1. Can you name every residue in region B:255-299 that is within 28 Å of B:Met432 (Cα to Cα) and without any contact (Cβ under 8 Å) to a residue 24 or more places away in the chain?
2. Quick check on region B:204-220: of everything there that is assigned to a loop (DSSP other than H, G, I, E, B) and touching a helix residue (DSSP H, G or I) at 6+ places or on another chain (Cβ under 6 Å), which residue is farthest from B:Gly370 (Cα to Cα)?
3. Count, please, the residues in region A:1-27 that happen to be more than 7 Å from chain B (Cβ to nearest Cβ) and polar (S, T, N, Q).
4. Quick check, is A:Leu88 out of contact with any Pro (no Cβ under 6 Å at 6 or more places or on another chain), under 17 Å from A:Met1 (Cβ atoms) and either part of a helix (DSSP H, G or I) or away from every other protein chain (no Cβ under 14 Å) (or both)?
5. For region B:374-413, which residues satisfy the criterion of being of a type in the set (D, E, K, R), modelled with pLDDT of 90 or more and assigned to a strand (DSSP E or B)?
6. Identify, by number, the condition in (1) within 9 Å of another protein chain (Cβ to nearest Cβ); (2) surrounded by fewer than 20 Cβ atoms within 10 Å (Cβ to Cβ); (3) not polar (S, T, N, Q) that B:Met369 doesn't meet.
7. Return the pair list, or none, for Cβ contacts closer than 7 Å from residues in region A:93-122 that are more than 8 Å from chain B (Cβ to nearest Cβ) and over 20 Å from A:Glu27 (Cα atoms) to residues that are basic (Lys, Arg) and surrounded by fewer than 16 Cβ atoms within 10 Å (Cβ to Cβ), at least 6 apart or on different chains.
8. Do we have any residue at all in region B:174-185 that's touching a His at 6+ places or on another chain (Cβ under 9 Å), more than 19 Å from B:Glu86 (Cα to Cα) and modelled with pLDDT under 95?
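The values are calculated or read from the model by the stated rules, or taken from the named source; none is laboratory data. From a predicted model like this one, the values you see are computed outputs, not experimental measurements. With ideal geometry, Cβ positions are generated from the backbone for all residues, glycine too; neighbour counts draw on all protein chains shown.
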Amino acid sequence: MRLLTHNMLSSNIKGVANGFPLRIEVEKVVEKQVDFNADFLKNMFAKIEWKALVDASRSMGYSELPGDANPSMLDSDDFLQKFHHALLELHLEEGALVCPETGRKFPVNKGIPNMLLHEDEV
Amino acid sequence: MWYLCVFYHRLLDYRKPEVESLAELFGAFKDTDNTNPPKNSLEWKLPQHHHPDSPFHFVNLPSEEIARNVASRSILVKGIYELWGEGSSYEELELAIKCCPDEHKLPYLTPGSTFKIIVDCFGKVISSKEQNDRIQGLAYIPFKGQVNLRNPDHKFWLMETDDYGSNNGLPPIVQKRIFFGREIGAADRKLLPTYQLKSRTYLGPTAMDAEIAFLMANQAQASPGKLVYDPFVGTGSILISAAHFGAITMGADIDIRVVRDGRGPNCNVWSNFKQYGLPMPISLLRADNNLPPWRSGLKEMFDAIICDPPYGVRAGGRKSGGRKLLKGVVGPYTIPDDKRTDHIPSTAAYSLAECVHDLLDLAARMLVMGGRLVYFYPVLREEDSIDTNFPEHPCFKLVAACEQILSFRYSRVLLTMVKIAPYTEEIAEAAMIQHLEFKENHLKWLEDGNLHSGVFSPADLLNGTGDTKPSKESKPKYRGKYV
């Protein structure tokens, strides 16, 4: 599971006011190379929650991202490379995503998060 | 400029919409600030005496470059040609070609170039000798280059259409019509044997046929840099075609075995992408489209959503909630803590109506403005007409509906919808109300929204009066809309 995905997900258990962002419990992190595409990154920048991305990348062991970011930084190739790495190349292979309010764990196995809710969470 | 566009004679409903979508993708409708109102569809004409189902059409495209791009990316365009002449007889054709201005012809007849002439009769096979005779008959055209049959710079086509009394099922062409033109571009049909399902590593019962998957990707205008999502990804057959055209792909499925495990470490969604050397999807997840895991405030992420939702005929859809719970057979229950970690939630049947409602809601929210939703919608074939009301949504405009007949009883229609209005609070609220209504009336929707019985029940249940097979005669004899 990449951090781009993590940035989109929340715990939508019944009764939870804000299930985003999910806390990451790391068991196994893998780095996978992905082709760099500047246009795609610039496009995505506007749509993601920056703070959640920074915190998530730190929990995966990558601390190169600046705590704050604004669109003008997209002109810097150095920034884009770091953004690219954090967003697309860090991969949670095994672990869990934890709901910030209830502590319920959504398992991540073989890189695939299981976001299905149980019968009593619906 | 008008070009002759010749289609492969199959999947008739898909032909023009594919060209229209690709034309838009390659910029055919830009620079229309001078025209009022803005153009967003192409002009088409039929050759004299031809029926709309005929493979031969004239289309107006802004430039040769756009024509070439459209043709080469398409699946159903046999060729787009710059017409040098047409006529009802070879004499008329010769006159027409001689009248065609030299500036058009001479650049392609130069001594340094190579060329090939192909003779094609639609609906009839002609012998090599006859083909040669026709080629010799074109000696009045001053070809100065060398013939190269393998890989020529320029390909010229001599096409004849006539009523040969053959049974291709089209209404007969009243009068012979002959065309001669220079090929601008043609579909790369080699994609089909390359990607055919027969040789695919990981298949499922409803994996999308390669040809149709490419048509879907073309309807969605998948291209490099675009993010494409399939909420019913299964084995990834639709994402494969989008990835082939350079799009970045993402998928979800409620069945975790299909998406995470496959049939083994070398037989899963990832190995399918590896088989073709395509970039892997950036994300696969297990999620229920009925209760999606998106954070609130997330919207306008995807450039296209392409999918084949479960119709409930060969593969039933599922949603969360516990089937006994929703049917009211058991009261609400909690999973005991010690059983929680490996608990596999019970899923309930998901009617087509609710599935489509959720899909439209997802697309309305998650597509960028101008983004495309391309999906199959099943319809029962009754009395010849698909006078069906296709699903509608205030955020979308339907731009194409392409029918593919699957059996005597039902077909599926590929719907292409473009997002034209933003997802507002009101729309979100209305969707939530509808969602709760589906939940309250779970049993009712199971019956009403059920296509399975319409397709599989014995004939006499359908025709109340007991007339067996009344409408078989009235259905068209030719296979035009079958694959």
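1. Passing the criteria: B:Pro293, B:Arg295, B:Ser296, B:Gly297.
2. Here is the first cut: in region B:204-220, the ones assigned to a loop (DSSP other than H, G, I, E, B) are B:204-209, B:220.
Still in the running and touching a helix residue (DSSP H, G or I) at 6+ places or on another chain (Cβ under 6 Å): B:207-208.
On the way: B:Ala207: 28, B:Met208: 25 Å.
Residue satisfying both the conditions and the ranking: B:Ala207.
3. Count: 3.
4. On the way: out of contact with any Pro (no Cβ under 6 Å at 6 or more places or on another chain): yes; under 17 Å from A:Met1 (Cβ atoms): yes; either part of a helix (DSSP H, G or I) or away from every other protein chain (no Cβ under 14 Å) (or both): yes.
Spelling it out, A:Leu88 is indeed out of contact with any Pro (no Cβ under 6 Å at 6 or more places or on another chain), under 17 Å from A:Met1 (Cβ atoms) and either part of a helix (DSSP H, G or I) or away from every other protein chain (no Cβ under 14 Å) (or both).
5. As a first pass, look at region B:374-413 and keep what is of a type in the set (D, E, K, R): B:381-384, B:387, B:392, B:397, B:403, B:409, B:412.
Then drop every residue that is not modelled with pLDDT of 90 or more, which leaves B:392, B:397, B:403, B:412.
The answer is B:Lys397, B:Glu403, B:Arg412.
6. (1)
7. Close Cβ pairs (under 7 Å, with a partner that is basic (Lys, Arg) and surrounded by fewer than 16 Cβ atoms within 10 Å (Cβ to Cβ)) amount to A:Glu121/A:Lys14.
8. no
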